[in-house]
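Undergrad: The following block contains the structure, expressed as structure tokens.
Please treat every number below as a calculation from the coordinates, not as lab data. Remember, predicted model here, so these are calculated numbers, not experimental data. Heads up, the Cβs are rebuilt from the backbone with ideal geometry, glycines too, and the neighbour counts pull from every protein chain shown.
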Amino acid sequence: MSAEAATPANPELTSAAPRPAGERLRITEIFHSIQGEADAVGWPTVFVRLTGCPLRCTWCDTTYSFHGGEWRDIDAILAEVAGHGARHVCVTGGEPLSQKRCLILLRRLCDAGYEVSLETSGALDVSAVDPRVRKVVDLKAPDSGEFKRNRWSNLDHLRAHDQVKFVLAGRADYEWARQTVLDHALAARCQVLFSPVHGKVAPRELAEWILQDRLPVRLQMQLHKLLWGEEPGH
Ligand code: SF4
């Protein structure tokens, strides 16, 4: 894999060919940064943050994406993404799948030759997501307050390049996650990511729990927060 900027493979990015009307999405922000999490951590990445989320996780750090935003044509989104010259694109939110046309955006980004990832809450159906997309699917632990929203059937749609992510706010969350990994043989399906909630679990403590239990999971730190803290635009 190369770190060079993308040369979009699909001419439709620059084509003036008209698209069907109505291919619009509500967008909170599009920005270029370093991927802070998951398998693509460290890569320069364009983030497309869609507006809206039906969940309210207690530790959510993107509450500003719940409302507002701006309607953008998918052609315009693709043009802005191309302007950043990155190879990786992450579609995130909010909950991006709460807008049905997100599926179109994902397909068109893949067609254009990007490495595309999708960050999703795990509460909405992922079965129609383009198989080229690397899905990062949350499983909400009890302290999130949204445990009941977990859509377990999503596990049937995981591919080897996908990831299941647990965000953990304490020892009880960790023990639930550990049991869930074992009960569903998650590590045999895809990568499993454990991430501490900032200020609730010390990363070192989580690391020690994982090592003690010899869990086949990958500890995640939010690299972008180490680099830029809570500064917007990253
Ligand atoms: S699913 Fe994501 S965006 Fe929605 S409330 Fe939970 S953490 Fe926030």
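Undergrad: With only alpha-carbon pairs counted, each pair once and no self-pairs, how large is the Kirkwood hydrodynamic radius of the range 40-110 in angstroms?
TA: Value: 13.0 Å, from the Cα pair sum.
Undergrad: Rounding to the nearest 10 and keeping the result within 0 to 90°, find how far the Cα-based axis of helix 171-183 lies from the longest principal axis of the chain.
TA: Around 80 degrees separate the two axes.
Undergrad: In deg cm²/dmol, rounded to 500, what helix-only [θ] at 222 nm does the chain give when every DSSP H run of at least 4 residues adds -39500 (n - 2.57) and the total is split over its residues?
TA: It lands at -6500 deg cm²/dmol.
Undergrad: Could you calculate the FRET efficiency of residue 59 with residue 189 from 1/(1 + (r/R0)^6), where r is the beta carbon distance between them and R0 is 45 Å, rounded to 0.05?
TA: Step by step, r from the Cβ atoms, then E = 0.95.
Undergrad: Need one number: nm distance between label points at residue 179 and residue 204, each 7 Å from Cα along Cα→Cβ, rounded to one decimal.
TA: Using points 7 Å along Cα→Cβ, the separation is 3.0 nm.
Undergrad: Using a Förster radius of 30 Å, what is the FRET efficiency between residue 171 and residue 231 based on their Cβ-Cβ separation? Nearest 0.05, please.
TA: So, using R0 = 30 Å, E works out to roughly 0.45.
Undergrad: Taking Cβ-Cβ under 4.7 Å as the only way to count a partner, pick out the unpartnered cysteines of the chain.
TA: Those would be 53, 90, 102, 110, 190, since no other cysteine Cβ in the chain comes under 4.7 Å of theirs.
Undergrad: Straight-line reach from residue 140: which lysines fall under 19 Å, measuring Cα to Cα and dropping same-chain residues less than 8 apart?
TA: Cross-link targets: 148, 165, 200.
Undergrad: For the range 155-234, treating each Cα as an identical point scatterer without solvent, what Debye log10 I(q)/I(0) comes out at q = 0.15, 0.21, 0.24, 0.26 1/Å?
TA: Log10 of I(q)/I(0), two decimals: -0.56, -0.97, -1.14, -1.24.
Undergrad: In the range 94-213, what is the volume of the convex hull around the alpha carbon atoms, normalised per residue and reported in Å³?
TA: 112
Undergrad: I've got another one for you. How far, in nm, would the chain grow between residue 161 and residue 214 when pulled straight, counting 0.36 nm per residue and subtracting the alpha carbon separation?
TA: Extending this stretch completely gives an extra 16.9 nm.
Undergrad: As a footprinting exposure proxy, order 200, 135, 140 by other Cβ within 10 Å, with the fewest listed first.
TA: Result, fewest neighbours first: 200, 140, 135.
Undergrad: From the square roots a ≥ b ≥ c of the eigenvalues of the alpha-carbon gyration tensor of the chain, which class results: rounded (a/c under 1.5), prolate (a/b over b/c), or oblate?
TA: Prolate, because a/c is 1.5 or more and a/b exceeds b/c.
Undergrad: Could you state the angle between the C-alpha long axis of helix 203-213 and the longest principal axis of the C-alpha atoms of the chain, as a value from 0 to 90 degrees rounded to the nearest 10?
TA: 60
Undergrad: Next up: Residue 148 versus residue 24, label points 7 Å from Cα toward the beta carbon: distance in nm?
TA: 3.6
Undergrad: Right, here's the next one. Within 14 Å, Cβ to Cβ, of residue 224, how many net charges do the neighbouring residues add up to if Lys/Arg are +1 and Asp/Glu are -1?
TA: Taking every Cβ under 14 Å from that of residue 224, the sum is -4.
Undergrad: Residues with beta-carbon under 13 Å from that of residue 51, excluding residue 51: net charge, scoring Lys, Arg +1 and Asp, Glu -1?
TA: My count for the surroundings of residue 51 gives +2.
Undergrad: To continue, here is another question. Applying a 10 Å radius around every beta-carbon, put 73-85, 112-124 in order of their mean neighbour count, most first.
TA: 112-124, 73-85
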